[in-house]
Amino acid sequence: MRAVVQTAVVGMLVLVLAGCGAAPSAPEGPQPAVTPSGRFTGPWADLFDLTYAQSTSDDERAALDDETVSAEEYAFFQDAILACLDGLGVSASFSSDGALDYAKPKDVSDDDIRRCNVDNGIRILALHDAIERNPAHLDETTIMLECLRRTGLVGEAYTAADLENGVDLDTLGDSPDFGGCAADPLNYRAG
């Protein structure tokens, strides 16, 4: 079985559907509200606070302390996830666009894979990808809707409420342009 996880796309969908939620592969169920700590500033302070509160290691907290996720830190957490998956017998790699591609043996559970991701910094990767994708932390619904309109997937009659309520998402999601908008809503242009 082959599986692909793209943190930016998954992270965007989580953010759009939950307002501002946990990163991909986060524990299921209600997440505790995070009170702003004042530790972080800038447009992504709320997600830094949430990610810091959900961090499971000193390495994660250290990566967050300076309010940036450097290329070195990003690579460190990718390597940690890959090493954990390798320990399970799962062949995996990250592509240049942040997608995690892996072949899961039948004897490895989805929970084991989720644990490798969560325990080894997937939230840090998702935070980095979200910032890269939307540096000013503009409203996700607005920028996604603008991109969908710009690419011609939806017309002016399609509203933010339609997008938030999932109107036609099953059809829209089949388009490569939807994936392009989800990955880079500020810059994507239909090919």
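Each reported figure results from applying straightforward, stated rules to the coordinates on display, with no laboratory input. What you are looking at is a predicted structure, and each value in this text was computed from that prediction instead of being measured. Here the Cβ positions follow ideal geometry from the backbone for every residue, glycine too, while neighbour counts run over all protein chains shown.
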Normalised Cα Rg of region 140-183, dividing by 2.2 N^0.38 Å with N its residue count, works out at 0.98
Going fewest to most other Cβ atoms within 10 Å around each Cβ, 51, 141, 41, 159 line up as 41, 159, 141, 51
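For a quick check: sort 123, 39, 114, 133 by the number of other beta carbons within 10 angstrom, fewest at the front.
Listing 123, 39, 114, 133 from fewest to most nearby Cβ atoms yields 39, 114, 133, 123.
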